[in-house]
Amino acid sequence: MPAGLAGTFLLTETDHYDILIIIMITKKLFSRRKSAQRERIWQIVAEDGSHPTALQVYDRLRLESPRASLGNVYRNLRILAEEGRLAGNKFRDGTFHYDAVTEHHHHFICQHCHRVFDLGLADQKRIYELARSSARHRIESFTVQFYGVCEACISQRKTRRLSSRGKK
Ligand SMILES: [Zn+2]
Ligand SMILES: [Zn+2]
């Protein structure tokens with residue numbers, strides 16, 4: 001570098017390449033961190049199994065990454081759904097619930113705790129065939145949702161009833 005330019009921000013060619021490399025490494029690290037968070041979000045949905053909403057995924061993620069943002073969670077869930085790695089279903093509450101099981105299956109929704117469970121019904125295609133053979137419309141897709149009280153809520157109610165009886 002000529003003496004007169006020392007102290008200014010004029011870059012030599014080598015400096016320029018160094019900066020480019022630093023930018024490339026930072027970008028790579030940043031995108032790796034972003035995709036690591038996306039993977040973690042996928043895992044949270046898969047491990048949960050109760051079809052969490054974006055807010056529930058966010059609450060869970062924040063326990064381990066306090067700086068996670070809700071906007072990022074929404075964005076990653078949308079990307080995962082676009083990639084076909086997650087399914088998003090709307091139930092009666094009007095909110096999207098995310099599911100790592102992307103093949104067609106039926107759901108049971110607890111009206112007490114609002115958790116959503118998969119129902120592994122043996123003859124899932126039969127209902128579709130029945131509708132297709134009896135309707136004149138062209139059926140392209142279908143969903144079956146069962147509503148009620150889940151196993152855990154039933155036993156909680158029983159325990160509560162028993163303990164309130166014990167107090168009398
Ligand atoms: Zn329940
Ligand atoms: Zn499901």
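The values are calculated or read from the model by the stated rules, or taken from the named source; none is laboratory data. In this text the structure is predicted, and so the values were computed from the model without any measurement. Cβ: placed from backbone, ideal geometry, glycine included. Neighbour counts: every protein chain shown.
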Which of (1) more than 17 Å from the chain's Cα centre (by Cα); (2) outside the structural domain of THR143 (by TED's automatic domain parsing); (3) surrounded by 15 or more Cβ atoms within 10 Å (Cβ to Cβ) does GLN56 not meet, given it meets every other one?
-> (1)
Those residues of the range 32-57 that are under 13 Å from LEU80 (Cα atoms) and among the hydroxyl-bearing types (Ser, Thr, Tyr) come to a total of 1
For the range 82-98, indicate whether the set of residues that are touching a Phe, Trp or Tyr at 6+ places or on another chain (Cβ under 7 Å), farther than 30 Å from ARG126 by Cβ and not in a loop (DSSP other than H, G, I, E, B) is non-empty.
-> no
Name every residue in the range 83-112 that is more than 13 Å from ligand 2 (Cβ to nearest atom), modelled with pLDDT under 95 and closer than 28 Å to SER35 by Cβ, in order of residue number.
-> THR95
For ARG75, work out the one condition from (1) closer than 25 Å to ARG38 by Cβ; (2) within 16 Å of ligand 2 (Cβ to nearest atom); (3) surrounded by 11 or more Cβ atoms within 10 Å (Cβ to Cβ) it doesn't fulfil.
-> (2)
Could you list, in sequence order, all residues of the range 121-158 that are among the hydroxyl-bearing types (Ser, Thr, Tyr), away from ligand 2 (no atom under 16 Å from the Cβ) and loosely packed, with under 10 Cβ neighbours inside 10 Å?
-> SER133, SER134
